[in-house]
Every structure is written in C-alpha cells, then in structure tokens.
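Note sheet for the following structure.
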Amino acid sequence: MRIDVVSLFPEFIAQCAGFGVVGRAQERALLSLHGWNPRDHADGGYRRVDDRPFGGGPGMVMMIDPRQACLAAARAADPAPVPVVYLTPQGVPLNQRKVRELASRPRLLLLCGRYEGVDERLLAAEVDEEISIGDYVLSGGELAAAVLIDAVARLQEGVLNDAESAVQDSFEGDGLLDCPHYTHPASHPLGEVPGVLRSGDHAAIARWRRQQSLGRTWLRRPDLLDEAGLSRADRALLEAFCQQLLSGTHEPG
Ligand code: 6GU
C-alpha cells in the first residue's frame, strides 16, 4: 500500500512510522510512505503557507495554492487513483470498520490541517472524505495521520507475524473488546492466573475468553454490544458473567 501525506511536518510522520510494526511494514515494502510539504510549493522569500482569515478573528488559515500543488504532485507520483482524506476533528469518527476499508485500498492521500484550518475552497474541491480520531482537539492532523497509518499498516497482508493476532484484537471480527491475557508466573504476589487457562481444556478456555470479551464489553462499552449480534450461547455466557459479578465470584478482569 502507498500512503502520501501532505503536512508541514512530514518528518514527524516519518519518525512515527519508523518504529515497530509500521517500521517493519515499510522494511518489507508492504507500505510505502511519502511526505509532501506545502512549504516546498510556496512562493516568495517567506514561503508563506498561511494567511489571516477574511472576516477577521484570531489565528491563520492555510492557503489554497501550496496544498493544491502538493496534492497534484502526490497524485502525479503514482498512476493509481487516490481518495483524499482530510484529518480534522469535524470528520467522521474513525473506527475499526473504517480502518479495514481504508486498509483495503491500494493508495491513500492524507491531508493534515494546522492552526485554525484550511481554506474551505480547497476542501470543497479536493477532499473526498474527512476523518477524526476522537472528540478532542489536537494542534494538527499529523498525530491523527500517524494513528491512521499505524491502524491500516498492521492490517496489510504479511505485516503481522502471527496472522491470528489481528483477528483476536478488540473490535476485530464481531466488534467486542478483547479478553484479559496472562503469562508466567502462574502465581504472583499480584494474583493467580485464572485456573481455566491452565486446565488444558481448549473448549473451556475458548468459552471463558468469549465470556470475558462479552462481559468486558458489557461493562465498559455497552454501545458495542448493540451491533455485535449476539447468539443465544453468547447471551447465556453474558448472563452467567453478570450472575458471577453479582455474587462476587467472578475472576478478575
Ligand atoms: Cl484528525 N485533527 C485534529 N487537529 N484534531 C483532532 C483530530 C484530527 N481528531 C481528533 N482531534
């Protein structure tokens, strides 16, 4: 997958994407990242990329031309058509379903805003979709772009070493939260590993994990349960989880 990013701080994105799973995706040539800096396409000695807002008020607004030139250069760098995604708190909230959809595309072109905003005419003419990473304000779209790049890179075929690990994640598959995990030692001053995980009974372990996923989702993110489409068996597991919780016999998690 190829991702182009238009940003005043392309080095920041490159740094963020240089480590861990995303770094490995680039090393394996499963992801190629390209930064485009509007300042390189700005005129005049000051290489101006922003200006005061019409109508007055505080802050600066990103000018059309330097960004339009970046978008054109990024498009011309590869023949595959590419949707322009503008990262803004006013966009559609990002979730794993959207991440999967974006990850399936051959190319993405991300546009990062800064300061008070980007001239609306550029957005109207060039942007295909607007995405937010949550209901809070960041000083710019760069961190959001780095988040999006991480989320889509790890879904590229061949990036994760154990293909299972993406399937088990929270939000993958049926959209439930992940179950708790434990490793050695089985006994520790902070507590014991739940006995079922040491039983060797794979069916019981799978049932326990499913129940923990259901229970956690119910406790922490009940909104996700509405969309999960629970089976009868799931409902029975969740009911038992609630019973155990009420009687104080549930295992920690
Ligand atoms: Cl995409 N950009 C900015 N500046 N702030 C945000 C955001 C994006 N998503 C949440 N907050």
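The values are calculated or read from the model by the stated rules, or taken from the named source; none is laboratory data. Given the structure is predicted, the values throughout are model-derived calculations rather than measurements. Cβ atoms come from the backbone with ideal geometry, glycine included; neighbour counts cover every protein chain shown. Each accessible area value is taken on the protein alone, full model and side chains, heavy atoms only, with ligands, DNA and RNA left out. Shrake-Rupley method; radii C 1.70, N 1.55, O 1.52, S 1.80 Å.
The table that follows gives values for the structure above.
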quantity: Matching residues in the range 131-157 - criterion: being touching a residue at least 60 places away in the same chain (Cβ under 8 Å), among the small types (Gly, Ala, Ser), within 16 Å of the ligand (Cβ to nearest atom) and over 15 Å from Met62 (Cα atoms); calculated: Ala145, Ala146
quantity: Long-range neighbours under 8 Å by Cβ, at least six apart or interchain, first residue on the phi < 0 side of the Ramachandran plot within the range 206-227, second at pLDDT 95 or above and open to solvent by 60 Å² or more (accessible area, probe 1.4 Å); calculated: Leu225/Trp218
quantity: Any hit, the range 118-130, residues being within 18 Å of Ile13 (Cβ to Cβ) and either in contact with a Gly (Cβ under 9 Å, 6 or more places away or on another chain) or within 16 Å of the ligand (Cβ to nearest atom) (or both); calculated: yes
quantity: Some residue of the range 73-80 being out of contact with any Ser or Thr (no Cβ under 9 Å at 6 or more places or on another chain), within 16 Å of the ligand (Cβ to nearest atom) and over 16 Å from Leu143 (Cα atoms); calculated: no
quantity: Selection count, the range 221-251, where residues are within 15 Å of Arg210 (Cβ to Cβ) and among the basic types (Lys, Arg); calculated: 2
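So that you can scan it fast, the table gives a plain yes or no per residue for (1) of a type in the set (Gly, Ala, Ser); (2) closer than 16 Å to Ile149 by Cβ; (3) modelled with pLDDT of 95 or more:
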site	(1), (2), (3)
Ala17	yes, yes, yes
Ala69	yes, no, yes
Pro81	no, no, no
Thr88	no, no, yes
Cys112	no, yes, yes
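Okay, residues lined up against (1) open to solvent by less than 20 Å² (accessible area, probe 1.4 Å); (2) touching a helix residue (DSSP H, G or I) at 6+ places or on another chain (Cβ under 8 Å); (3) modelled with pLDDT of 95 or more:
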{"position": "Ile133", "(1), (2), (3)": "no, yes, yes"}
{"position": "Val137", "(1), (2), (3)": "no, no, no"}
{"position": "Glu142", "(1), (2), (3)": "yes, yes, yes"}
{"position": "Val147", "(1), (2), (3)": "no, no, yes"}
{"position": "Asp150", "(1), (2), (3)": "no, yes, yes"}
{"position": "Arg154", "(1), (2), (3)": "no, yes, yes"}
{"position": "Ser165", "(1), (2), (3)": "no, no, no"}
{"position": "Leu177", "(1), (2), (3)": "no, yes, yes"}
{"position": "Pro180", "(1), (2), (3)": "yes, yes, yes"}
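Conditions tested, residue by residue: (1) open to solvent by less than 60 Å² (accessible area, probe 1.4 Å); (2) out of contact with any strand residue (DSSP E or B) (no Cβ under 9 Å at 6 or more places or on another chain); (3) not in a helix (DSSP H, G or I).
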{"residue": "Arg48", "(1), (2), (3)": "no, yes, yes"}
{"residue": "Phe54", "(1), (2), (3)": "no, no, yes"}
{"residue": "Ala72", "(1), (2), (3)": "yes, yes, no"}
{"residue": "Pro81", "(1), (2), (3)": "no, no, yes"}
{"residue": "Tyr86", "(1), (2), (3)": "yes, no, yes"}
{"residue": "Arg100", "(1), (2), (3)": "no, yes, no"}
{"residue": "Leu110", "(1), (2), (3)": "yes, no, yes"}
{"residue": "Ala124", "(1), (2), (3)": "no, yes, no"}
